[in-house]
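Chemist: What follows is a structure written as structure tokens; I'll ask about it next.
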Amino acid sequence: MGKRERKKWDLPSEQWVPLAILSGFFLLGGLCGSIFASLADGQGGQELCDYLRDYLGLIRDGALFHNFWSGLWEELRYLLAVFLLGLTGIGVVGLPLLFGVRGFFFAFSVACFCRVFGSSGLLPALFLFGLPALLWGPALFLSGVQGLNGSRKLLLRGLGDGRDALPFAPVYWGKLTVSFILILLCGLVEYHVIPVLLRAAARVVL
């Protein structure tokens, strides 16, 4: 009975503890990104303002085209990094740091639009960054949680503790496949849907 109770509680901890760690680093990175964007002042602030206005102007006029493969690679590289880090004990440190970096750039990008355009900047930021995040976010956390759990087990094995079974079961690769499909869908949305929405948002903001 006690053994059954222990197994019942071990499984959630293998999911929720890595999720809490990665979420904490992602939020911390996002907080740092927001603060960093708010510190842009003087010439740097003016250059940021000019860049975003020129960018939305090109989008509005249909003079800027999105490349599918470069957009897909922007999101796929994070998933590949999660996969590789999850195959080594280094991922125990590397994965939280990677999530912190991802959170930083996500929040920094949104905060820059809000800094330049005020509350109306949320509209293009929502289409440009928020909509893709609905796809790459679940993919990143789905693969990251199991990657961090697997990396911990590999590290323990390297330190001489081989009691935990390695996580590379079919379900491990199944989750990675689902993550890859989500990233692919994200690339398709960024290529086919977001330019249309962003063009409409640029007409409202400018």
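The values are calculated or read from the model by the stated rules, or taken from the named source; none is laboratory data. Here the structure is a predicted model, which is why all the values come from computation and not from measurement. Counting neighbours? That spans all protein chains shown, and the Cβs are built from the backbone with ideal geometry, glycine included. Protein only, heavy atoms only, side chains kept; ligands, DNA and RNA dropped before computing areas. Shrake-Rupley method; radii C 1.70, N 1.55, O 1.52, S 1.80 Å.
Chemist: Once every DSSP H run of n ≥ 4 in the chain is given -39500 (n - 2.57) and the sum is divided by its residues, what mean residue ellipticity at 222 nm do you get, rounded to the nearest 500 deg cm²/dmol?
Modeler: After summing the helix terms and dividing by residue count, I get -28500 deg cm²/dmol.
Chemist: Tell me, what ³J(HN,Hα) does each residue in segment 143-158 have, in order and in whole Hz, if you take phi through Karplus 6.51 cos²θ - 1.76 cosθ + 1.60 with θ = phi - 60° and put x for Gly and Pro?
Modeler: Calculated HN-Hα couplings, in order: 6, x, 5, 6, x, 5, 5, x, 5, 4, 5, 5, 5, 4, 5, x Hz.
Chemist: Calculate, in nm to one decimal, what residue 126 and residue 39 gain on full extension: separation in residues at 0.36 nm each, minus their alpha carbon distance.
Modeler: 29.1 nm
Chemist: May I pose another question? Using only Cα atoms, what Kirkwood radius does segment 83-142 have, in angstroms?
Modeler: Evaluated over segment 83-142, this radius sits at 12.9 Å.
Chemist: What are the ³J(HN,Hα) values, in whole Hz, obtained from phi via the Karplus relation 6.51 cos²θ - 1.76 cosθ + 1.60 with θ = phi - 60°, for each residue of segment 129-135 in sequence order, with x given for Gly and Pro?
Modeler: My calculation for segment 129-135 gives 10, x, 5, x, 5, 5, 9 Hz in order.
Chemist: Could I ask something else about it? Test of understanding: what is the full-extension gain from residue 165 to residue 66, defined as 0.36 nm times their sequence separation minus their Cα-Cα distance?
Modeler: 31.2 nm
Chemist: With a 1.4 Å probe and every protein chain kept in, tell me what percent of the accessible surface of the chain is carbon plus sulfur.
Modeler: On the way: 8170 of 11650 Å².
About 70 percent, which is the carbon plus sulfur part of the accessible surface.
Chemist: Per residue, how large is the accessible surface of segment 67-206? Use a 1.4 angstrom probe and give square angstrom. Could the numbers behind the result be given before it?
Modeler: On the way: 6750 Å² over 140 residues.
Normalised by residue count, the accessible surface of segment 67-206 is 48 Å².
Chemist: With the crude spin-label approximation of a point 7 Å out along Cα→Cβ, what separation in nm comes out for residue 157 versus residue 133?
Modeler: 3.6 nm
Chemist: Using alpha carbon centroids, what distance separates segment 161-206 and segment 106-139, in Å?
Modeler: 16 Å
Chemist: Give the calculated FRET efficiency between residue 50 and residue 28 to the nearest 0.05, with a Förster radius of 25 Å applied to their Cβ-Cβ distance.
Modeler: 0.25
Chemist: For the chain, count the residues as N, evaluate 2.2 N^0.38 Å, and divide the Cα radius of gyration by that value, please.
Modeler: So the chain has a normalised radius of gyration of 1.21.
Chemist: What distance in nm separates the simple spin-label points at residue 200 and residue 184, each placed 7 Å from Cα in the Cβ direction?
Modeler: Taking the two extended label points, one gets 2.8 nm.
Chemist: How much accessible area does residue 51 have with a 1.4 Å probe, in Å² rounded to the nearest 10?
Modeler: 140 Å²
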